[in-house]
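Bear in mind these aren't lab numbers, they're just calculated from the coordinates by the rules spelled out. Since the model is a prediction, treat every value here as computed from it, not as a measurement. Positions of Cβ are backbone-derived with ideal geometry, glycine not excepted, and every protein chain shown enters the neighbour counts.
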Amino acid sequence: MSLNVNDTAFNPPGLSLAGPEDYYALMKPRVMTLVVFTAWAGLVCAPGAMDWFLAAASILCIAVGAGASAALNMWYEAESDAKMSRTKTRPLPAGKMDKSSALAFGVILSFFSVLGLALASNYVAAGLLAFTIFFYAVIYTMWLKRATPQNIVIGGAAGALPPTVGWAAASGDITLDSLILFLIIFMWTPPHFWALALYKTGDYHKAGIPMMPNVKGAAHTRLQIFIYAILLAVTCAMPVFTGFAGPLYMLAAGLLNIGFVVLAFRVWKSRAGEQVDAADEAGLYAVKAGDIAARNLFAFSIIYLFVIFGILAAEQLIAGLS
């Protein structure tokens with residue numbers, strides 16, 4: 001099932017003038033936080049020094065670019081968001097903003113974020129940011145999301161690029177180590193989102209989005225989560241073997257990945273996603289008893305990524321002071 005969303009197809013009643021808080025919500029601030037942090041970590045880990053003002057300006061541009069992607073996503077997904085308990089309170093489905101305003105906001109942010117990054121850093125980073133916005137808004141949102149249950153796997157490339165963009169902003173280059181940062185998030189994305197999809201199956205079914213549990217079933221999804229958890233653990237070992245990371249990272253990543261694999265194993269052996277409920281809870285963490293294992297993995301995965309990239313950045317900062 002596919003949805004054809006256009007400016008006239010979704011006109012919620014009671015449209016009111018959008019306020020600053022609605023435009024802020026359009027940028028998905030919670031998601032942006034993770035994007036900004038991983039981009040900052042990539043910038044800090046890159047070789048060479050960068051003027052602090054230009055570094056701050058570069059991170060701001062990456063944040064604006066992430067917000068632009070989110071705004072364009074919400075513009076296109078307005079009808080779907082209205083059908084899902086988790087997203088129905090967003091500005092567009094809630095009737096606080098019209099689609100044309102959201103589209104204009106996303107396009108303007110896209111233009112100025114890419115231009116700003118080109119001026120603050122270099123054309124390599126700006127080009128990567130432009131590609132990230134295009135990939136998320138067009139390739140993922142408009143095509144992959146409804147074309148295949150592998151949407152999160154392939155589309156995850158957009159969410160995995162921020163540390164590589166940050167690295168390029170500082171160094172003007174794309175290296176093996178910057179690609180390893182990309183791979184860590186790329187491997188993290190499927191178990192992170194599929195854990196959520198297991199206990200939001202009803203929501204995705206109502207919206208007509210072919211997430212893995214809806215198409216392949218809960219049991220297959222749980223197995224895939226466990227497989228990707230192992231692949232993620234292997235990927236996280238790469239910085240140690242390339243000499244990019246040191247003993248502090250090795251210890252922290254080892255413990256975190258043991259925890260991730262254990263939680264993924266519990267998801268695999270659970271019955272998460274088996275009791276599909278069309279009336280899923282609106283919150284991210286309110287779940288039925290059988291879905292607790294999936295909820296726990298989803299929650300842990302967010303902390304996991306912050307700590308992994310935080311330790312990598314901390315090691316580089318400490319090395320720079322010594």
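Want the number for MET250 to ALA219: 0.36 nm per residue separation, take away the alpha-carbon distance, what's left?
That pair, MET250 and ALA219, stretches by 7.9 nm at full extension.
How far is it, in nm, from the label point at THR148 to the one at PHE131 when both lie 7 Å from their Cα along the line to the Cβ?
1.8 nm
Measure off 7 Å from each Cα along the Cα-to-Cβ vector at PHE112 and VAL261, then give the distance between these two points in nanometres to one decimal.
4.7 nm
Gaussian network model of the chain, Cα springs within a sub-10 Å range: biggest mean-square fluctuation belongs to which of ALA71, ALA197, ALA299?
For the chain, modelled as a Gaussian network with Cα springs under 10 Å, the answer is ALA299.
If only Cα atoms are counted, what is the Rg of region 18-173, and what is its Dmax, in Å?
Every Cα atom of region 18-173 included, Rg and Dmax give 15.6, 48 Å.
Build a GNM of the chain with springs between Cα atoms under 10 Å: which of PRO163, PRO47, PRO213 gets the top mean-square fluctuation?
Comparing PRO163, PRO47, PRO213 in the GNM, the peak value goes to PRO47.
Okay, helix-only estimate at 222 nm for the chain: each DSSP H run of n ≥ 4 adds -39500 (n - 2.57), divide by all residues, round to 500 deg cm²/dmol; what do you get?
-22500 deg cm²/dmol
Within the chain, which DSSP H helices have Cα atoms that stretch 18 Å or more along the helix axis and a mean Kyte-Doolittle hydropathy of at least -0.5?
Span-like helices here: 29-45, 52-76, 99-120, 176-198, 218-241, 247-269, 292-321.
Note down the net charge around SER270, summing +1 for each Lys or Arg and -1 for each Asp or Glu among other residues with Cβ under 11 Å from its Cβ. List each step's numbers first, then the result.
Details: positive: ARG222, ARG266, LYS269, ARG271, ARG295; negative: GLU274, ASP291.
Combined, the nearby Lys, Arg, Asp and Glu give +3.
Taking the Kirkwood radius as the inverse of the mean 1/r across Cα pairs, report the Rg/Rh of the chain.
Expressed as Rg/Rh, it is 0.97.
Extension gain LEU321-ILE227, at 0.36 nm per residue separation less the Cα-Cα distance, in nm?
29.9 nm
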